[in-house]
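Written below as structure tokens is the structure these notes are about.
The values are calculated or read from the model by the stated rules, or taken from the named source; none is laboratory data. What you see is a predicted model; the values in this text were computed from it and never measured. Note that each Cβ is placed from the backbone with ideal geometry, even for glycine, and that neighbours are counted across all protein chains shown. Calculation scope for accessible area: heavy atoms of the full protein, side chains included, ligands and nucleic acids excluded. Shrake-Rupley method; radii C 1.70, N 1.55, O 1.52, S 1.80 Å.
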Amino acid sequence: MQTWKVTPLGEFPAEPGPVAVHDTPSGQVRPVGPAEGTARLYVCGITPYDATHMGHANTYVAFDLLHRAWLDAGLEVHYVQNATDVDDPLLERAHDTGVDWRELADEQIALFHSDMEALRVLRPQQYVGAVESIGLVTDMINNLDRAGAVYAMSVGESDLYFRQSRDDRFLSVSGLTREEAAPLFAERGGDPDREGKRDPFDSLLWRQKRPDEPGWESPYGVGRPGWHIECAAIVGHYLGSGIDVQGGGSDLVFPHHEMSASQARVATGEEFAKAYAHAGMVGLDGEKMSKSKGNLVLVSKLRAQGVDPMAIRMALLTQHYRSDWMWTDELLAEAEAQLARWREAVRLESGLDSAPVIAEMRAALRNDLDAPTALAAFDAWAGASLAMDSDDVSAPGMMARAADALLGISLADPQA
Ligand code: 5CA
Ligand code: ZN
């Protein structure tokens, strides 16, 4: 486990007040986090077999806005993120390219960290791998077993499955019907048709080792964890039950978040999370960006071409985090121009009064992380301050600090 200290928001003074985000189960924008103390956040991390693309970046920047909004409201934030450092797609990629799966995972995790740092995404306190969590997973399987919710396959390999029927709140996260959920389960890593399953929605808890696959000793045989229990076990151990927000991209609503929550509920008797928030899908040329399709715009590639990471972040922030949208070169070019204008404005000797603008930005971000509205408020201030004489000498500095603290956009000279 790697542990970091959260970067505080520096000179920017906190202002208490509620932060609200859209909650998928209720379909409503609801206040999240405690009135004071520590907010607990878990966001599903990467499967490290390829580099960070704009879709990943969008999701982590979205939850970074929540992290920053909570810090700005004066809360402490306990943020945990996983890395699915052993799973089928990772093993397949390692096999196809003839590299060691562990080396591939370590290399991609390191690249992900450097991309996140460049984008000024605040670090989670804990960043936890699946492999290092195997003991947590088998402890949780033990709890599920005591609740009568585990069975071993009697046909083929004796993999362990979760009995979905033990959870009477199944489908409460996604709000889907069984009919709607069925095709999604098959599409997104599930195995509804496996022979010997008691219910098509039963999910894999422990996969016995196959030839040419890694495996770890456990009370349940040599093998590796299923995907959903990985996140449920990590959350239970590091954050506990009833966390404030479980986050991820909308492709994880079903089955992943549904199943993790279900397994946690049965293992602990308590609700997994108070709210579930999901970022929209970013695409390229009309299709969802995905490692498996290969239609990727990579953060590291743009950085290598000399693109300012703050322009990448600005481009992401121009879209509301919940919408689905397409990445384009024009979007990046517009963001570069906008960034240049903001930098010019905060270098003025004086500007228009910053207080109402900062209040507007704050209110927008606390209302479902509405970055486009916050950007528009900053932009209007920058345009007006550049166009007319004004005498507030503290405004440019305050606005630079607000962009940094609330939006994660540093307006310092990139060459400095
Ligand atoms: N390791 C699992 C989560 S436990 C996983 O889904 N990994 S991932 O690498 O496929 O995705 C990492 C994160 O990026 C997830 O939160 C996912 O929802 C999000 N994501 C993936 N593709 C996109 C996309 N095209 N647009 C927006 N977010 C995306
Ligand atoms: Zn997850």
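Going through region 33-65 one residue at a time, which ones are more than 11 Å from ligand 1 (Cβ to nearest atom) and within 16 Å of the chain's Cα centre (by Cα)? Steps first, answer last, please.
Just the residues of region 33-65 that are more than 11 Å from ligand 1 (Cβ to nearest atom), to begin with: 33-41, 64-65.
Selection gives A39, R40, L41, D64, L65.
In the set (1) open to solvent by less than 40 Å² (accessible area, probe 1.4 Å); (2) free of Cβ contacts under 8 Å to residues at least 12 places away in the same chain, the condition left unmet by A377 is number (2).
If L339 satisfies all but one of (1) over 26 Å from L386 (Cβ atoms); (2) touching a residue at least 12 places away in the same chain (Cβ under 8 Å), what's the number of the condition it fails? If we test L339 against (1) over 26 Å from L386 (Cβ atoms); (2) touching a residue at least 12 places away in the same chain (Cβ under 8 Å), just (1) comes out false. Close Cβ contacts (under 9 Å, 6 or more residues apart or on different chains) running from residues in region 176-189 that are closer than 13 Å to D251 by Cα to residues that are hydroxyl-bearing (S, T, Y) comprise A181/S174; L184/S174; F185/S203. Reported count of residues in region 36-48, each being of a type in the set (S, T, Y) and buried (at least 24 other Cβ atoms within 10 Å of the Cβ), is 1. Taking the condition away from ligand 1 (no atom under 16 Å from the Cβ) and of a type in the set (S, T, N, Q), does S241 pass? Yes; evaluated as a whole, the condition is true for this residue.
Within the group L111, L119, L90, L104, which residue is of a type in the set (A, V, I, L, M, F, W, C), assigned by TED's automatic domain parsing to the domain that holds Q208 and under 18 Å from A405 (Cα atoms)?
Details: L111 fails: under 18 Å from A405 (Cα atoms); L90 fails: under 18 Å from A405 (Cα atoms); L104 fails: under 18 Å from A405 (Cα atoms).
Selected residue: L119, the only one of L111, L119, L90, L104 that is of a type in the set (A, V, I, L, M, F, W, C), assigned by TED's automatic domain parsing to the domain that holds Q208 and under 18 Å from A405 (Cα atoms).
Which residues, counting only those in region 139-185, are among the polar types (S, T, N, Q) and farther than 12 Å from E258 by Cβ?
Let us first name the residues in region 139-185 that are among the polar types (S, T, N, Q), namely 142-143, 154, 158, 164-165, 172, 174, 177.
Passing the criteria: N142, N143, S154, S158, S165, T177.
In region 383-407, the residues that are over 15 Å from L365 (Cα atoms) reach residues that are assigned to a helix (DSSP H, G or I) and not polar (S, T, N, Q) with C-beta atoms within less than 6 angstrom, at least six apart or across chains, in these pairs: S385/A345; L386/A345; P396/V346; M399/V346; A400/V346.
Here's the yes/no breakdown for (1) open to solvent by 60 Å² or more (accessible area, probe 1.4 Å); (2) of a type in the set (D, E); (3) within 16 Å of ligand 1 (Cβ to nearest atom):
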{"site": "H67", "(1), (2), (3)": "no, no, yes"}
{"site": "G74", "(1), (2), (3)": "no, no, no"}
{"site": "Q125", "(1), (2), (3)": "no, no, no"}
{"site": "S133", "(1), (2), (3)": "no, no, yes"}
{"site": "N142", "(1), (2), (3)": "yes, no, no"}
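Before we move on, is G248 touching a Cys at 6+ places or on another chain (Cβ under 6 Å) and within 12 Å of ligand 2 (Cβ to nearest atom)? When the stated conditions are applied, G248 passes them. Only a single item in (1) open to solvent by 20 Å² or more (accessible area, probe 1.4 Å); (2) within 19 Å of A110 (Cβ to Cβ); (3) away from ligand 2 (no atom under 16 Å from the Cβ) is not met by H56, and it is number (3).
Looking at D85, D96, which is the one that is surrounded by 15 or more Cβ atoms within 10 Å (Cβ to Cβ) and not in a strand (DSSP E or B)?
Values: D96 fails: surrounded by 15 or more Cβ atoms within 10 Å (Cβ to Cβ).
Only one candidate passes the filter, namely D85.
For the structure I just gave you, tell me whether L284 is away from ligand 2 (no atom under 16 Å from the Cβ) and open to solvent by 10 Å² or more (accessible area, probe 1.4 Å). So L284 fits the description; yes. Can you say whether D88 is more than 30 Å from G397 (Cβ to Cβ), touching a residue at least 24 places away in the same chain (Cβ under 8 Å) and in contact with a Lys or Arg (Cβ under 7 Å, 6 or more places away or on another chain), as far as the supplied structure shows? In short, no.
Any residue that is within 16 Å of ligand 1 (Cβ to nearest atom) and assigned to a helix (DSSP H, G or I) - is there at least one of those in region 275-296? The answer is no, given that none of the residues of region 275-296 is within 16 Å of ligand 1 (Cβ to nearest atom) and assigned to a helix (DSSP H, G or I).
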